[in-house]
Structure formats: structure tokens, C-alpha cells
Amino acid sequence: AKPISRAALSGEADPRLVALSVSIQDDGALYEEDIRGSQAHVSMLAAQGIVPKAAARRIVAALDQVCDEFAAGKIAFDPSLEDVHTHVERRLGELVGKDAGYLHAGRSRNDQVALDERLFIVRGCDRCDGALVRLMQALLAQAKAHEKTLLPGYTHLQRAQPVSLAHHLLAYVEMLGRDRERFAEVRRRAAVSPLGSGALAGTTLPLDRERTARALGLAGVTQNSLDAVSDRDSAIELSFACALASVHLSRLGEEVVLWTTREFGFMTLDDAFATGSSLMPQKKNSDVAELSRGRAARAIGDLVSLLAMVKNLPLAYNRDLQEDKRPLLDGPRALVLTLDALAGAVETATFHAEVMRAALGDGEALATDAAEYLVEKGVPFREAHEAVGKAAAFSTRAGRPLARLTAAEWASFHPRFGADVLRRFDPAESLRRRELPGAPGPKQVKAQLARWSKALRGG
Ligand code: ARG
């Protein structure tokens, strides 16, 4: 049968062109969005008196069947039909005959695919949001269990100052919380209907664009037909939100990889979230975390693909835009898989409080506290920094930890050091002095735990 879109062309497309043009293997995943859009469109056409009501009713019912057939994998893909839109229309024709021809009045595949993508993006944002909440809840649960677990915070991956594990885990909750906000923004901007923009210049038919948009649960309609059919901002924004969230997961993944090494020993994954080796029988690997890092590379690549695809396109639609399907569809799918696997890994992981506490050493992470002790006594910070630096160098030379220096030794590094400086070398005490907003002090952390518990209640 002659493909739907070759009305003015003679004969059939060369198989080499067909092989290049076919996109059903990717955009087939949009069947549900495509069909809901068609149902809303044809119902509106009937309400406007553009097509007979009985034909519209038959089309809507038959499209439900096409949807079920797609879901059941019963639609055979035919490369000469190019994309999901023509596959749906062709199958509809088989089911209702000539009446199927009423459906495409006042519509082009250009505004159709733009709509399908916007519907997909709205749903994708919701799926990502749900999965973000699940990982945040897992992190929060561990944070609540580890309010009193202390470990070094790091800069340059060198032990720096004490923090609680709760504070450390809540840092990721903050990142993921911003990711949720981004997805909500992306969703809000995407949720308008381009239908009625036609191929590029609208239509002479009296469509009711608002009615179609409302039927699809969209907040409004696009305001420029050229822009509506060639704009891929919402796809790019979704891709960016996915890429940035993936980068956050990659950083978390990197820490899980480090922390589960024998060298760090801060954390053990449950066996259900660990992998073995095909050769080395003793191995317990953190592939879940490594895949989180690897997936981020894919997400960044997808974003760059989309940006590069659009950058030189003249208005309005160009076939290049078909290449957006793989990166667009890949984003939420890969992100949700990663979020869910990490949520399980975090939820079931064991954190080793004693090992973390031991990594804090005996006062090394509290050198800054000693300097701040002097500042409290009126010493300029630079002078205090210098004095404690000397003490630290001495402690290394003497092979005696900072917390084991005597009051007399401290006094030799600066006359303002009194015996009470020795009390500054307890990490728990150090945290109790850090109660500025956002700091790792126990009261601050408790407040943050309460804030996040409330925010995440009921998802
Ligand atoms: N499969 C196409 C795409 O995703 C649909 C639009 C085709 N339009 C066209 N004029 N060839 O971009």
C-alpha cells in the first residue's frame, strides 16, 4: 500500500531512504501519547462540526483498541510507515475503514509530534519526581539512624573537619530536592498544547485549540505556530534536568564506590545490591554505584545531542528534529532505573560508625577548632592559624596526635592557650559548637531532618 505521506510522489521510496527515515523503533514508545492526542483532536473536530459525530465516536473507540494492541506488542512495525503517527493511522484505517480519514484534518505530524513529546515530558517529570522522592526517603531514613555517627568531612579528599553522617547524607537530599523543583518547572512549561499549529502556519479550519488542550489536561496552548512545531526547549530542559540529577547520582555513586572499598570501609552494601566476579570468587563489587556514574555520562551525552541538533535549524520543522527521540526517551527511563536501584542500595546498606569515628583520628580534624579558640581570646585569625600550624607540625614530628599534646606544649605555641583548649578535641563537642543555620551541629541537623520528613511525607 502507498505510504500515507507520498500523495504527490510517484512510486515507492528507495529502500535505502526508508532504512534511514524509519523511526518507529524509537517513537513507537510514544503510542499512548499519540493516541490520546488523536482522540482529543477528533472529539474537538466533531464538537466544531468539522467531522461527523458518529465517525469521531468510532475513531475514538477504535483508537482505544489500537492502544491496547500497541501495549500488547501486537502492532507489527513496517519501515515504510516511518513513524508512530502513521502506524496508528494505518491501523485505525484497517479498523474503521474510510472514516479514519477524518482524523488528520487541521493537523500535521509536526504539531502532532510536538504534542506527543510534551505529553511524554509531563509524564516523564512525574515519573522522575516519584523516583527522586523514593531515593530521598531512603537517604533520610539512614540520616535519621545516624544523627550521632561522626566521620570526617573531606576537602581534596583529605580529612578536614568532623560532620555527622546525617549531615553528609542530607547534602544529597538537598541536591535531589532542587532536582524535584527543576522537574516541576520543566513540567509547568511543557504542559501546553501545540495542536492547531498545523505543519507551521495553523489551519483554515475552525479548531478549538483550548478545548483540545483541556481534554488532554494541559494548562493552555502555544502562542506561535512556527515556534510550536520547531521548538524543542521542553525536551532539552527535561534532558538537562535528567543530566543534572544524574550528575548528583554520579557523585553519590562515587562516594559509595569509595566508601565500600576495604581501604575506606565506611559502608557495606547488602548482598542483594552487590555483584560478584565471573573469575575472582571472593569479589563483592559496587556495580550499582559504578553504573550510576556511567549513566551520568549517557545523560550528559543526550543533552549535548539535543542542543547540537537544534542549534542550526532554520524555522520551522526540519526532519533533523526526529533525531530527538532516542535522547529524549532515554532520559527519564535511565534516571528512574538509577534512582530506584540506588534507593534500594542506600536503604539496605550498613554504615560502619566505628570505622568512620576512627578516621577522624585524634584531634587532627579539630585543628581549626584550636585556632578558633584563640580567636575567641582576641587573637587575629592569621596569627592563630600560624600557631596551630606549628602545633600540627610538631605533633607529626613527635608522632603524638594533636589531642595528646599537653597544656604546656600548647602554651609554647601561643601564650593565649590555656589548659581548657584540651577540651576542644572532642569531635562531638566540636559539632555542638557549630549551630549556625546549615551547619552540622546536632540541633541544626535535627531541624533539617524534621524539615525533610515533613516535605517528603506522603511523597
Ligand atoms: N517522525 C517525525 C518526527 O518525529 C514526525 C514529523 C514528520 N514530519 C514531516 N514533515 N516529515 O520528527
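In what sequence do Arg432, Arg295 fall when counting other Cβ within 10 Å, fewest first?
Values: Arg432 12, Arg295 21.
Fewest-to-most ranking of Arg432, Arg295: Arg432, Arg295.
For Asp320 and Glu386 in the same chain, what is the full-extension length gain: residue separation times 0.36 nm, less their Cα-Cα distance, in nm?
17.6 nm
Compute the acute angle (0 to 90°) between the alpha-carbon long axis of helix 325-348 and the principal axis of greatest extent of the alpha-carbon atoms of the chain; round to the nearest 10°.
The helix 325-348 is inclined about 40 degrees to the chain.
In debye, nearest 20, what is the charge dipole magnitude of the range 362-456 about its Cα centre with +1 on Lys and Arg Cβ and -1 on Asp and Glu Cβ, if you could check?
Magnitude of the dipole: close to 340 debye.
Need the C-alpha centroid separation for the range 301-337 versus the range 131-204, integer Å.
23 Å
Computed on alpha carbon atoms, what radius of gyration and Dmax characterise the range 1-159, expressed in Å?
In order Rg, Dmax, the Cα atoms of the range 1-159 give 23.4, 77 Å.
For a Förster distance of 51 Å, can you work out the FRET efficiency between the beta-carbons of Leu20 and Ala171, rounded to the nearest 0.05?
It comes to 0.60.
What's the local net charge at Asp362, with K and R +1, D and E -1, over the other residues with C-beta under 10 Å away?
Result for the neighbourhood of Asp362: +1.
Could you tell me how many degrees, from 0 to 90 and to the nearest 10, lie between the Cα long axis of helix 165-190 and the main elongation axis, the longest principal axis, of the Cα atoms of the chain?
It is inclined by approximately 20 degrees.
Please list, in chain and number order, the residues 5+ apart from Val163 or on another chain whose amide H is under 5 Å from its amide H, with Hs placed from the backbone.
Placed amide hydrogens put Leu151, Gly153 under 5 Å from Val163.
Out of all Cα-Cα pairs in the range 123-265, roughly what percent, to the nearest whole number, are more than 19 Å apart?
Every Cα pair in the range 123-265 considered, those over 19 Å come to 64 percent.
Run the numbers for Arg397 and Thr275: contour at 0.36 nm per residue of separation, minus the present Cα-Cα distance, in nm.
Fully extending the segment from Arg397 to Thr275 adds 39.6 nm.
Under 5 Å between amide H atoms, partner at least 5 residues away or on a different chain: which partners does Asn285 have, H built in plane at 1.01 Å?
Thr275, Gly276
For the range 314-323, what does the Karplus curve 6.51 cos²θ - 1.76 cosθ + 1.60, with θ = phi - 60°, yield as ³J(HN,Hα) per residue in whole Hz, taken in order and with x for Gly and Pro?
Rounded to whole hertz, the list is x, 5, 10, 5, 9, 5, 3, 4, 4, 5.
Using every pair of alpha-carbon atoms in the chain, split the distances into 10 Å bins beginning at 0 and state the percent of pairs per bin, rounded to integers.
4, 17, 21, 18, 14, 11, 8, 5, 3, 1
Residues in the range 163-188 near a label at Arg251, defined as backbone nitrogen under 16 Å from the 7 Å Cα→Cβ point?
Counting only backbone N, you get 167-182.
For the range 110-358, what relative contact order do you get, as a whole percent, if you take Cα pairs closer than 8 Å and at least 6 residues apart? Don't skip to the end; give the middle numbers.
Numbers: 383 pairs, mean separation 65.0, N = 249.
Result for the range 110-358 is 26 percent.
Go through the range 130-138 residue by residue and turn each phi into a ³J(HN,Hα) via Karplus (6.51, -1.76, 1.60, θ = phi - 60°); whole Hz please, and just put x for glycine and proline.
Values per residue, Gly and Pro as x: x, 6, 4, 4, 5, 5, 4, 5, 5 Hz.
Find which of Asn285, Leu205, Leu244 sits farthest along the positive direction of the dipole of the range 110-358, computed with +1 on the beta-carbon of Lys and Arg, -1 on that of Asp and Glu, about the Cα centre.
Asn285
Whole-Hz Karplus ³J(HN,Hα) for the range 388-405, in order, using 6.51 cos²θ - 1.76 cosθ + 1.60 and θ = phi - 60°, x for Gly and Pro?
In residue order, the calculated couplings are 6, x, 5, 4, 5, 5, 4, 4, 5, 4, 6, x, 10, x, 3, 6, 9, 5 Hz.
Of the listed pairs Lys377/Lys443; Lys74/Lys325; Lys144/Lys284; Lys148/Lys454; Lys144/Lys377, which have alpha-carbon separations greater than 29 Å here?
The answer is Lys144/Lys377.
Restricting things to alpha carbons, find the Rg to Rh ratio for the range 244-315 using the Kirkwood radius for Rh.
Over the Cα atoms of the range 244-315, Rg/Rh equals 1.21.
What are the residues whose amide H is under 5 Å from the amide H of Ser193, where those residues sit 5 or more places off or on another chain and H is modelled from the backbone?
Gly220, Val221, Thr222
Sorted by average packing, counted as other Cβ atoms within 10 angstrom per residue and highest first, what order do 13-22, 264-273 take? Let's see the in-between values first.
Values: 13-22: 12.3, 264-273: 16.5.
Sorting 13-22, 264-273 by mean packing, highest first, produces 264-273, 13-22.
How far is helix 53-71 tilted off the main Cα axis of the chain, in degrees rounded to 10, range 0 to 90?
50 degrees
Quick note: the coordinates plus some simple rules give every number you see, no bench work behind them. In this text, all values refer to a predicted model and were calculated from it rather than measured experimentally. For neighbour counting, all protein chains shown are included, and Cβ atoms are generated from backbone atoms with ideal geometry for every residue, glycine included.
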